[in-house]
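Colleague: The following block contains the structure, expressed as structure tokens.
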Amino acid sequence: MSRKRDQIRKGARQCLKERSMNFVELKKEFWPPAHKKIEGLTRVYRNNLYTCLVYYKAKDMEGKQAIKVMVKNNLNKEIGWKELQFIKNGIFGKEARGYQYLQEESKLVNSSNMYWFFVRQNGQ
């Protein structure tokens, strides 16, 4: 396991103790190098528990305009729906509508602890 990942997890455990959950938008110059190469990625948000990659000019699974969000737990733990709701509210506001698609079992890729959801704002 990398030293950086150990530091992130240590910070996440400390955050659990402190209950500091505010998201901070990372400026592009502070994005991890791999994130700078991802096509369509427009913003990165982070707190000590979660890293969220946001794609503002995306389409959902039905081809409708939406904001696509990838969420990763920095402790590499599963993320429940209450946590996804908290993340959606923390980044996009309580009145934004978030939704998920659950893939067919034959197309399911579940090799890492990442969760995706879509957001629509302003009556989209």
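The values are calculated or read from the model by the stated rules, or taken from the named source; none is laboratory data. As the structure is a prediction and not an experimental result, all values here were calculated from the model. Reconstructed Cβ throughout: ideal geometry from the backbone, glycine too, with neighbour counts over all protein chains shown.
Colleague: Please determine whether any residue of region 18-40 is surrounded by 11 or more Cβ atoms within 10 Å (Cβ to Cβ), touching a residue at least 24 places away in the same chain (Cβ under 8 Å), closer than 21 Å to SER2 by Cβ and polar (S, T, N, Q).
Modeller: no
Colleague: Shifting gears a bit: What number goes with the only condition from (1) of a type in the set (Asp, Glu); (2) modelled with pLDDT of 90 or more; (3) under 23 Å from ARG3 (Cα atoms) that GLU83 does not pass?
Modeller: Of everything listed in (1) of a type in the set (Asp, Glu); (2) modelled with pLDDT of 90 or more; (3) under 23 Å from ARG3 (Cα atoms), GLU83 misses just condition (3).
Colleague: Suppose we keep only residues that are over 12 Å from PHE23 (Cβ atoms) and among the charged types (D, E, K, R) within region 76-95. Which one would you say is surrounded by the most Cβ atoms within 10 Å (Cβ to Cβ)?
Modeller: Within region 76-95, the match that is surrounded by the most Cβ atoms within 10 Å (Cβ to Cβ) is GLU83.
Colleague: Looking for whichever is in contact (Cβ under 8 Å) with a residue 40 or more places away in the chain and surrounded by 14 or more Cβ atoms within 10 Å (Cβ to Cβ) here; the options are VAL44, VAL54, VAL119. Which one fits?
Modeller: VAL119
Colleague: Please work out which residue is nearest to LYS68 (Cα to Cα), limiting yourself to region 96-116 and to residues that are among the small types (Gly, Ala, Ser) and loosely packed, with under 14 Cβ neighbours inside 10 Å.
Modeller: Checking each candidate, the answer is SER112.
Colleague: Are any of the residues in region 46-68 assigned to a helix (DSSP H, G or I) and within 23 Å of SER2 (Cβ to Cβ)?
Modeller: Scanning region 46-68, I find no residue that is assigned to a helix (DSSP H, G or I) and within 23 Å of SER2 (Cβ to Cβ), so the answer is no.
Colleague: Could you check LYS94 against (1) at pLDDT 90 or above; (2) within 15 Å of the chain's Cα centre (by Cα) and say which number it fails?
Modeller: (2)
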